[in-house]
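Asks: The structure's right below; bear with me while I get my questions together.
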Amino acid sequence: MPRLTEKQYRHRLTLAMTIYVGVMLLVWPLTRTADGLALKIALALTPLLPMLYVVWLLVRRVWHGDELEQRTHLLALGASTVAVGVLSLVGGFLAAARAVALDGAVLIWVFPALLIGYDATRWWVARRYGAGPSCDDEGGMPMYLRCLLGAALLGLLALLQHLRQHDAAAAGLSWLAAAAALAAAVLAALRWRRRARQARSGGGT
């Protein structure tokens, strides 16, 4: 099985996540009105298909990587798991105390949040090892702008779900939008810091 390039991986991941969001918006809400248990189960589990494909992409990417790449992948997965786990614990305590209104449907957004955290953390870890892409890679658009664009799209989807009174989906999309916006802010700060450091180095020569 040939190894995927970074560009191929990102294109396939973007396609799978787009399908996932589309299924969540168009197919999954039909479970509430579906007739028959078999049809309800089939519709409810439809979003698993793109997610299983994403898991396969991740496993394939780590498996075919060298020792350094595998280390960055595992560090990123560990950091993302801890971050999402802590946020889930906070949300669970707040929901148990009835300080916020959450139901079990919000759990369907845990895995996408893990992916966002993994991707952002891996980029940072790879840069620390000197093996990561720059902030201006892949077509010239800075990474913080791509995250900001993703946050805007997720926020728009959350608003649409709220207007359709799908509060669980709206809450999940809102959390993802907030995470993408936070990632954009961090990446923008790192980019500004790097530019300032380069300007000082250039001015001192």
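The values are calculated or read from the model by the stated rules, or taken from the named source; none is laboratory data. It should be emphasised that the depicted structure is a prediction, and the values quoted were computed from it without experimental measurement. Every residue, glycine among them, receives a Cβ derived from its backbone with ideal geometry; neighbour counts consider all protein chains shown.
Asks: Taking the condition of being of a type in the set (Phe, Trp, Tyr) and on the phi > 0 side of the Ramachandran plot, how many residues in segment 34-54 meet it?
Replies: Here is the first cut: in segment 34-54, the ones of a type in the set (Phe, Trp, Tyr) are 53.
Checking the rest, the ones that are also on the phi > 0 side of the Ramachandran plot come to none.
Counting residues in segment 34-54 that are of a type in the set (Phe, Trp, Tyr) and on the phi > 0 side of the Ramachandran plot gives 0.
Asks: Pairs needed: first member in segment 75-94, under 15 Å from residue 111 (Cα atoms) and crowded, with 17+ Cβ neighbours inside 10 Å; second member anywhere, of a type in the set (Val, Ile, Thr) and at pLDDT 85 or above; C-beta distance under 8 Å; at least 6 residues apart or different chains.
Replies: Between residues of segment 75-94 that are under 15 Å from residue 111 (Cα atoms) and crowded, with 17+ Cβ neighbours inside 10 Å and residues that are of a type in the set (Val, Ile, Thr) and at pLDDT 85 or above, there is no close pair.
Asks: On to the next question. Taking the condition of being modelled with pLDDT of 75 or more and either exposed (fewer than 15 other Cβ atoms within 10 Å of the Cβ) or in contact with a strand residue (DSSP E or B) (Cβ under 6 Å, 6 or more places away or on another chain) (or both), how many residues in segment 129-152 meet it?
Replies: Residues meeting the conditions: 2.
Asks: If you don't mind, there's one more thing I want to ask. Of everything in segment 153-171, what is at pLDDT below 70 and surrounded by 19 or more Cβ atoms within 10 Å (Cβ to Cβ)? Give them in sequence order.
Replies: Those that are at pLDDT below 70 and surrounded by 19 or more Cβ atoms within 10 Å (Cβ to Cβ): 166, 169.
Asks: Determine which member of the set 44, 34 is surrounded by 12 or more Cβ atoms within 10 Å (Cβ to Cβ) and either acidic (Asp, Glu) or not in a helix (DSSP H, G or I) (or both).
Replies: 34
Asks: Can you confirm whether segment 38-53 contains a residue that is closer than 23 Å to residue 154 by Cβ, at pLDDT 85 or above, among the β-branched types (Val, Ile, Thr) and out of contact with any Lys or Arg (no Cβ under 6 Å at 6 or more places or on another chain)?
Replies: Looking for residues that are closer than 23 Å to residue 154 by Cβ, at pLDDT 85 or above, among the β-branched types (Val, Ile, Thr) and out of contact with any Lys or Arg (no Cβ under 6 Å at 6 or more places or on another chain), one finds at least one in segment 38-53, hence yes.
Asks: Something else now. Residue 99 versus (1) in a helix (DSSP H, G or I); (2) among the hydrophobic types (A, V, I, L, M, F, W, C); (3) exposed (fewer than 15 other Cβ atoms within 10 Å of the Cβ): which is the lone unmet condition?
Replies: All conditions are met except number (1).
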